[in-house]
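The values are calculated or read from the model by the stated rules, or taken from the named source; none is laboratory data. Owing to the predicted nature of the structure, the values given are computational and were not obtained by experimental measurement. Positions of Cβ are backbone-derived with ideal geometry, glycine not excepted, and every protein chain shown enters the neighbour counts. Just so you know, the surface numbers come from the protein's heavy atoms only, side chains and all, with ligands and any DNA or RNA stripped out. Shrake-Rupley method; radii C 1.70, N 1.55, O 1.52, S 1.80 Å.
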Amino acid sequence: MTDPRLDPPLSTTGYAVRAPLARWLAAEARRAAEDLGPYRLLDVGCGEMPYLALFQPYAREVVGLDAVPNPRASLVGPIEAIPAPDASFDVVLCAQVLEHVGDPARGVAELHRVLRPGGRVLLSTHGTMVYHPNPVDLWRWTGPGLERLFAANGSWDSITVTGGAGTAASLAMLNGLYLDHVLRRGLLRPLRRPVVSLVNRFGRALDRRLPVLRDERPGTLVANYHVVAEKTA
């Protein structure tokens, strides 16, 4: 069975984050192989490595790092002090971790340090999301804020920040999260998935119909950001 994080249904409350993220990571995993050849990947904050299947066809080695002991993690430590030598990875993945990091600037500097010259960081983090401590939840970002964070904490040939979903899909996700909580109770429970699916479908369709909703400008929302940062060779 396909992992729902790789192909999330519209009934997923976090659809506006998960679906674009899976598509983006699949494309970047392939593009990294085309540009770098078989690569050594560090998965920062790896957890259960939900995106491993996207990278396995292209990576010669995948190393997991987690802040706590974890069967998937061969390295244990915080992102602010990665226990790995300088320039030891071709690609560094950091998916949905930065919002939980105590010192994001130090964390990005460490991603830069362990990346070889010419390698790339693939990072995703929230723009808009409900509070979700794991064990803490500290930050929300804008596109320019992420560009500044990376530029100030490493030497990069390029920093590309894109939004994963537009305003309508982001609003649909937030409304779907609260509707899901309301509909968990009693006789309404069978309505949860159909209602969330309908809300997400409407948000996705509206973003596709009105491209202006997909651009970051005053008054818009972005549920999640995707960053590709290529280290100076």
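Before moving on, here are some points about what is shown:
- In this structure, residue 155 does satisfy being exposed (fewer than 13 other Cβ atoms within 10 Å of the Cβ) and not hydrophobic (A, V, I, L, M, F, W, C).
- Hits in the stretch 53-94 (condition: under 24 Å from residue 24 (Cβ atoms), part of a helix (DSSP H, G or I), open to solvent by 30 Å² or more (accessible area, probe 1.4 Å) and not small (Gly, Ala, Ser)): 54
- Just one residue in the set 222, 196 is under 22 Å from the mean Cα position of the chain (by Cα), crowded, with 18+ Cβ neighbours inside 10 Å and either hydroxyl-bearing (Ser, Thr, Tyr) or outside any helix (DSSP H, G or I) (or both); that residue is 222.
- Of residues in the stretch 163-193 being in contact with a Phe, Trp or Tyr (Cβ under 9 Å, 6 or more places away or on another chain) and part of a loop (DSSP other than H, G, I, E, B), the one surrounded by the fewest Cβ atoms within 10 Å (Cβ to Cβ): 164
- With respect to the stated conditions, residue 204 is open to solvent by 50 Å² or more (accessible area, probe 1.4 Å) and modelled with pLDDT of 95 or more.
- Of the listed requirements (1) surrounded by 12 or more Cβ atoms within 10 Å (Cβ to Cβ); (2) more than 30 Å from residue 36 (Cβ to Cβ); (3) of a type in the set (A, V, I, L, M, F, W, C); (4) at pLDDT below 95, residue 212 misses just one: (1).
- The single condition among (1) more than 19 Å from the chain's Cα centre (by Cα); (2) modelled with pLDDT of 95 or more; (3) farther than 21 Å from residue 117 by Cβ that residue 70 does not satisfy is (2).
- Of the listed requirements (1) within 17 Å of residue 120 (Cβ to Cβ); (2) open to solvent by 60 Å² or more (accessible area, probe 1.4 Å); (3) without any contact (Cβ under 8 Å) to a residue 12 or more places away in the chain, residue 27 misses just one: (2).
- Subset of the stretch 112-143 [under 15 Å from the mean Cα position of the chain (by Cα), part of a helix (DSSP H, G or I) and either of a type in the set (A, V, I, L, M) or farther than 20 Å from residue 156 by Cα (or both)]: none
- Some residue of the stretch 47-63 being more than 15 Å from the chain's Cα centre (by Cα), among the small types (Gly, Ala, Ser) and over 18 Å from residue 123 (Cβ atoms): yes
- Residue within the stretch 137-151 that is open to solvent by less than 30 Å² (accessible area, probe 1.4 Å), in contact (Cβ under 8 Å) with a residue 40 or more places away in the chain and farther than 18 Å from residue 214 by Cα present: yes
- The single condition from (1) part of a helix (DSSP H, G or I); (2) crowded, with 21+ Cβ neighbours inside 10 Å that residue 105 fails is (2).
- So residue 108, is it closer than 27 Å to residue 68 by Cβ, β-branched (Val, Ile, Thr) and free of Cβ contacts under 8 Å to residues at least 40 places away in the same chain: no
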